[in-house]
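J.: Encoded as structure tokens, here's the structure I'll be asking about.
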Amino acid sequence: MASQSGIVCSEELKTFFGTCRDGNIRIIKVSISDSTNPVLILDTHLEPVSSWEDDWDQMVTPQLDPDQPAFILYRLDEKDSSEGFLWILLSWSPDHAHTRQKMLYASTKATFKKEFGAGQIKDDYYFNLMEEITLAGYKRHLAVEAAPGPLSRQEEEMKEIKESESRVEISVDTKHNTLSALAFPFKSEALAAVSSYGAGVCDYVQLAIDTATEEVVLATSGACTTGQLAAQVPEESARYHLFRFKHTHQGDYKESDVFIYSMPGYSVPIKERMMYSSCRNAVVDVIEKTLNIPLEKKLEVDNGSELTEEYLQGELHPVVSLNRPKFSKPPGPSRGNKRITKAPA
């Protein structure tokens, strides 16, 4: 889920886009104006000197301000099937830039791509360090993008099988239990709070289990930022949390729906631990299947201090490693020393 800023291209920039596609322009820098009604404006542009690889380091880095985000359109020498040149969109968002500026560029990016023509953008590269924008840094990005995921297809299938074995089909007002899972009905207040979350009214819902009545009840709901999330997690009891994580990733503004199961540990009574653990999948099914709220990530934590911006970013957008460990084949079992037997005469 993404929100847009409403900022569009200026008329001058739109006119320029109509004249820069015949190969006479190598690089275009676009910025957001500082006016009362900000628009995307043409900052600078340069003509090609050599090949796109030879021009890269001489043209891209000098256009960057160390404290100010920007969009860079860089033309390749490659053409598509309609004989139009292909471009790379470089989203520069330095760490030292003001947070508001970074969020503004992130929430304008989709509109910018659409107005230029997303079909002519071959690659979209987000970076926030100067060393990442060199030609070598861009080629490392391409290598990471081409790298295989952490799980093989067989491993993914086995994971799906294990998850499906522990699921139960329920409605919001049924009580059901199996050997692997348990389902309690939702109280009307809990159901209404989750529905309001799905409609965007609030960003956080906390659910609890009433162990006496065996129902899923509402603990609290309302506005909540990532910095406030840790304080919402109780230290002495288990809970289910539904949180809308607002963040940027590779220059794009995102709002991710995250389900969190918090269990403090052995300070919680055994009966309560078993109830929360067994009901978890059923609660997720109600959120995803009955209320149609797709969850991008499901997490389990011991305490709220784990729920930092870095942790959530790492869980939602894991870094792909190109250096996968190689495991040596273990030696075979020892059969002891060989014995020489003498054949009878």
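The values are calculated or read from the model by the stated rules, or taken from the named source; none is laboratory data. For clarity, every value in this text was computed on a predicted model and none was experimentally measured. With ideal geometry, Cβ positions are generated from the backbone for all residues, glycine too; neighbour counts draw on all protein chains shown. Ligands, DNA and RNA are stripped out before the accessible areas are found, and what is left, the full protein with its side chains, is counted by its heavy atoms. Shrake-Rupley method; radii C 1.70, N 1.55, O 1.52, S 1.80 Å.
J.: Could you please find all residues in the stretch 3-15 being open to solvent by 30 Å² or more (accessible area, probe 1.4 Å), of a type outside the set (Ser, Thr, Tyr) and closer than 26 Å to residue 80 by Cβ? First the steps, then the outcome.
T.: Applying the first criterion (open to solvent by 30 Å² or more (accessible area, probe 1.4 Å)) to the stretch 3-15 yields 3-6, 8, 11-12, 14-15.
From what's left, of a type outside the set (Ser, Thr, Tyr): 4, 6, 8, 11-12, 14.
Across the stretch 3-15, the qualifying residues are 8, 14.
J.: Moving on. If residue 152 satisfies every condition in (1) polar (S, T, N, Q); (2) modelled with pLDDT under 90; (3) surrounded by 14 or more Cβ atoms within 10 Å (Cβ to Cβ) but one, which is the exception?
T.: Only one criterion in (1) polar (S, T, N, Q); (2) modelled with pLDDT under 90; (3) surrounded by 14 or more Cβ atoms within 10 Å (Cβ to Cβ) is unmet by residue 152, namely (3).
J.: Residue under question is residue 192, and the condition is that it be among the hydrophobic types (A, V, I, L, M, F, W, C), within 30 Å of residue 254 (Cα to Cα), surrounded by fewer than 19 Cβ atoms within 10 Å (Cβ to Cβ) and within 25 Å of the chain's Cα centre (by Cα); does it hold?
T.: Numbers: among the hydrophobic types (A, V, I, L, M, F, W, C): yes; within 30 Å of residue 254 (Cα to Cα): yes; surrounded by fewer than 19 Cβ atoms within 10 Å (Cβ to Cβ): yes; within 25 Å of the chain's Cα centre (by Cα): no.
No; evaluated as a whole, the condition is false for this residue.
J.: For the stretch 12-44, which residues satisfy the criterion of being acidic (Asp, Glu) and more than 33 Å from the chain's Cα centre (by Cα)? First the steps, then the outcome.
T.: The initial filter retains those residues of the stretch 12-44 that are acidic (Asp, Glu), namely 12, 22, 34, 43.
Of everything in the stretch 12-44, those that are acidic (Asp, Glu) and more than 33 Å from the chain's Cα centre (by Cα) turn out to be 12, 22.
Each row is one residue, and each column tells you yes or no for (1) modelled with pLDDT of 90 or more; (2) in a strand (DSSP E or B).
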site: 207; (1), (2): yes, yes
site: 218; (1), (2): yes, yes
site: 234; (1), (2): yes, no
site: 245; (1), (2): yes, yes
site: 259; (1), (2): yes, yes
site: 265; (1), (2): no, no
site: 271; (1), (2): no, no
site: 277; (1), (2): no, no
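J.: If the requirement is being without any contact (Cβ under 8 Å) to a residue 24 or more places away in the chain and open to solvent by 40 Å² or more (accessible area, probe 1.4 Å), which of these qualifies: 122, 102, 114?
T.: Answer to the check: 114.
Residue-by-condition table, conditions (1) buried (at least 18 other Cβ atoms within 10 Å of the Cβ); (2) among the β-branched types (Val, Ile, Thr):
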position: 206; (1), (2): yes, no
position: 231; (1), (2): no, no
position: 239; (1), (2): yes, no
position: 251; (1), (2): yes, no
position: 257; (1), (2): yes, no
position: 287; (1), (2): yes, yes
position: 310; (1), (2): no, no
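J.: Name, by its number, the condition in (1) open to solvent by 50 Å² or more (accessible area, probe 1.4 Å); (2) closer than 30 Å to residue 318 by Cβ; (3) over 21 Å from the mean Cα position of the chain (by Cα) that does not hold for residue 81.
T.: Result: residue 81 fails condition (2) only.
Conditions (1) within 18 Å of residue 111 (Cα to Cα); (2) touching a helix residue (DSSP H, G or I) at 6+ places or on another chain (Cβ under 9 Å); (3) outside any helix (DSSP H, G or I), marked per residue:
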{"position": "7", "(1), (2), (3)": "yes, yes, yes"}
{"position": "13", "(1), (2), (3)": "yes, yes, no"}
{"position": "42", "(1), (2), (3)": "yes, yes, yes"}
{"position": "62", "(1), (2), (3)": "no, no, no"}
{"position": "75", "(1), (2), (3)": "no, yes, yes"}
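J.: Here are the criteria: (1) crowded, with 17+ Cβ neighbours inside 10 Å; (2) of a type outside the set (Val, Ile, Thr); (3) in a loop (DSSP other than H, G, I, E, B). Tell me which single one residue 282 does not satisfy.
T.: With respect to (1) crowded, with 17+ Cβ neighbours inside 10 Å; (2) of a type outside the set (Val, Ile, Thr); (3) in a loop (DSSP other than H, G, I, E, B), residue 282 is out only on (3).
J.: When you scan the stretch 288-306, do you find a residue that is of a type outside the set (D, E, K, R) and closer than 18 Å to residue 215 by Cα, even just one?
T.: Step one: filter the stretch 288-306 for residues of a type outside the set (D, E, K, R), giving 290-295, 299, 301, 303-305.
Okay, now just the ones that are also closer than 18 Å to residue 215 by Cα, so 290-291.
Checked against the condition, which is being of a type outside the set (D, E, K, R) and closer than 18 Å to residue 215 by Cα, the stretch 288-306 yields at least one hit.
J.: Would you pick out the residues in the stretch 16-69 that are open to solvent by less than 60 Å² (accessible area, probe 1.4 Å), of a type in the set (S, T, N, Q) and over 18 Å from residue 100 (Cβ atoms)?
T.: Within the stretch 16-69, 44, 50, 51, 61, 63 meet the criteria.
J.: Based on this model, can you work out whether residue 87 counts as more than 13 Å from residue 31 (Cβ to Cβ) and crowded, with 18+ Cβ neighbours inside 10 Å?
T.: Details: more than 13 Å from residue 31 (Cβ to Cβ): yes; crowded, with 18+ Cβ neighbours inside 10 Å: yes.
Yes, satisfied.
J.: Please work out which one of (1) touching a residue at least 12 places away in the same chain (Cβ under 8 Å); (2) open to solvent by 30 Å² or more (accessible area, probe 1.4 Å); (3) among the hydrophobic types (A, V, I, L, M, F, W, C) is the condition residue 199 fails and give its number.
T.: For residue 199, the exception is condition (1).
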